[in-house]
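Starting off with a structure, shown below.
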Amino acid sequence: MSLIVQKYGGSSVANIDRIESVAERITRWREQGKRLVIVVSAMAGETDRLLDLARAISHPNRPNPRELDALLSSGETTACTLLCMALEKRGVTARSLQAAQAGIYSSGSHFRARINDIDTGRVNSELDSGRIPIVAGFQAINEAGDVTTLGRGGTDTTAVAMAAAMDAEECQIYKDVDGVYTTDPKIAPEARRLTRLTHEEMLELAGQGSKVVQNRAVEFAGKYNVSIRVLSSFIDGPGTLITRGSPELESARIAGIAFNRDEALITVAGAPAGPGTASEILGPVADAEIEVDMIVQTTSREGLIDLSFTLHRDRYAEALDILRARKSGLDGASISGNGQVAKLALVGVGLRSHADVASQMFRTLADCGITVHMVSTSEIKVAVLIDEEKIEEG
């Protein structure tokens, strides 16, 4: 009997009525003879509520990381147990499992831990006993036995990792949208749902701002060849299948347009040129586990360089503080930033063989009077950094 891992996001279990609806859906799948492992997010808004409580009672914006993870993980635990109760009411035997019970092990870091291993023994035991395992997403256990969390969207990663460990037929991710669209339908009503994407394309879309599936989850799926299907928990439909590339998918096309408003730009200007300068600038930022995206280094004048990079806006002020604290080691370089920028990207395998797509993009931006601050490219992506206020014009 084939196994399917299903993940239900926060909007899918936002309240009791939604949890009842998810229980009905799971019951129908069970009646079709499918073996199911369910991974659940916290109810919509619950993680933010818990985070606000932690910030209110702790030193401003600096709650103890261990206690914060213990607190935030309770949102998923609550949703799991409620879903179990809803299933039991329907005569479907289920068992809620926290990370320690489900055998999900992570690195030692808190709030952005990474899954190292999954021991599927307990989950398989529940399946063999005729019960549906309801696994708490977003959480794991480190080597010290403490609860860790996987970062925003981490339940996607839990589900994909579980699907890989269980050799599942498919990992179904249920959300409040019925698939992956060519761009945000709220901005472009003509956007269309894609029936199929490669892991590579979805990884680029996720990395460039598409929030349908967490980028770490897609990276995991590509590495372990897990097929993901994005579906709506509100309406029935085929969704979007994200899977390994195949020859028919190599045709010339653009899969989608992604954008991310949560960007910030930092520039270190007039730093001394040398083989260790970039490390001097970016090393302390990396030590603080601040992820950097686009990087541009230019020679501004003899013996000096300018280095600019982008990062998530939530870590912008922290990164500026780190660099300014080390300013004396950069020999008079000036440090500036812009927290009101956005990233716009074209993604698709068609970019490999159609160089004119990028030129059309730049021409369109120029016609709209939009200034491009930075450019980043890959085989299947062209991304630009522009002023946030211009994002809908591009």
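What do you reckon, how do TYR316, TYR105, TYR181 stack up by accessible area (1.4 Å probe), largest on top?
TYR105, TYR181, TYR316
Keeping every protein chain in place, order GLU67, GLU389, GLU379, GLU318 by accessible area at 1.4 Å, biggest value first, i.e. largest first.
Output order, biggest surface exposure first: GLU389, GLU379, GLU67, GLU318.
Now, a different point. Roll a 1.4 Å probe over the protein heavy atoms and report the accessible area of THR195 in Å², nearest 10.
Only protein atoms counted, so the area is about 100 Å².
Here is a follow-up. Accessible area of LYS175, 1.4 Å probe, to the nearest 10 Å²?
Using a 1.4 Å probe on the heavy atoms, I get roughly 30 Å².
Moving to a separate point now. Give the accessible surface of the chain per residue, rounded to a whole number of Å², with probe radius 1.4 Å and ligands, DNA and RNA excluded.
45
OK, next. I'd like the antiparallel share, as a percent to the nearest 5, of DSSP beta bridges with both residues in the range 130-263.
45
Once the piece of chain linking ARG62 and ALA273 is laid out straight, how much longer is it, given 0.36 nm per residue of separation minus the C-alpha distance between them?
72.4 nm
If R0 is 51 Å, what FRET efficiency do you get for GLN32 and ARG55 from their C-beta distance, rounded to 0.05?
With a Förster radius of 51 Å, E is 0.70.
Taking 7 Å along the Cα-to-C-beta vector as the label spot, tell me the SER129-ARG244 distance in nanometres, rounded to one decimal.
Spacing of the two 7 Å Cα→Cβ label points: 3.5 nm.
Would you tell me the accessible area of MET374, worked out with a 1.4 angstrom probe on the heavy atoms of the protein chains, in Å² to the nearest 10?
Spelled out: MET374, probe radius 1.4 Å, area about 10 Å².
Can you tell me which lysines have their Cα less than 29 Å from the Cα of LYS186? Leave out same-chain residues fewer than eight positions away.
Candidates past the 8-residue exclusion: LYS7, LYS175, LYS211, LYS343, LYS381, LYS390.
Over the range 169-297, with every protein chain in place, what whole percent of the accessible area is carbon and sulfur at 1.4 Å, could you tell me?
The C+S portion of the solvent-accessible surface of the range 169-297 is 51 percent.
Of the listed values (1) -0.27, -0.73, -0.87, -1.39; (2) -0.33, -0.87, -1.00, -1.27; (3) -0.38, -0.88, -0.99, -1.37, grab the one calculated as log10 I(q)/I(0) by the Debye sum over Cα atoms at q = 0.06, 0.10, 0.11, 0.15 Å⁻¹ from the structure here.
Given (1) -0.27, -0.73, -0.87, -1.39; (2) -0.33, -0.87, -1.00, -1.27; (3) -0.38, -0.88, -0.99, -1.37, the calculated one carries the label (1).
So between ILE295 and VAL357, what do we pick up on full extension, going 0.36 nm a residue minus the alpha carbon distance?
So the extension gain works out to 20.1 nm.
At what distance in angstrom do the alpha carbon centres of the range 64-85 and the range 93-148 lie from each other?
The range 64-85 and the range 93-148 have Cα centres spaced 12 Å from each other.
Please report the net charge: other residues with Cβ closer than 13 Å to the Cβ of ALA161, K and R +1, D and E -1.
For residues surrounding ALA161, the net value is -1.
The values are calculated or read from the model by the stated rules, or taken from the named source; none is laboratory data. Just so it is clear, the model here is predicted, and its values are computed rather than measured. Glycine gets a Cβ as well: all are built from the backbone with ideal geometry, and neighbour counts include every protein chain shown. Please note that ligands, DNA and RNA were not included when accessible areas were found on the heavy atoms of the full protein model with its side chains. Shrake-Rupley method; radii C 1.70, N 1.55, O 1.52, S 1.80 Å.
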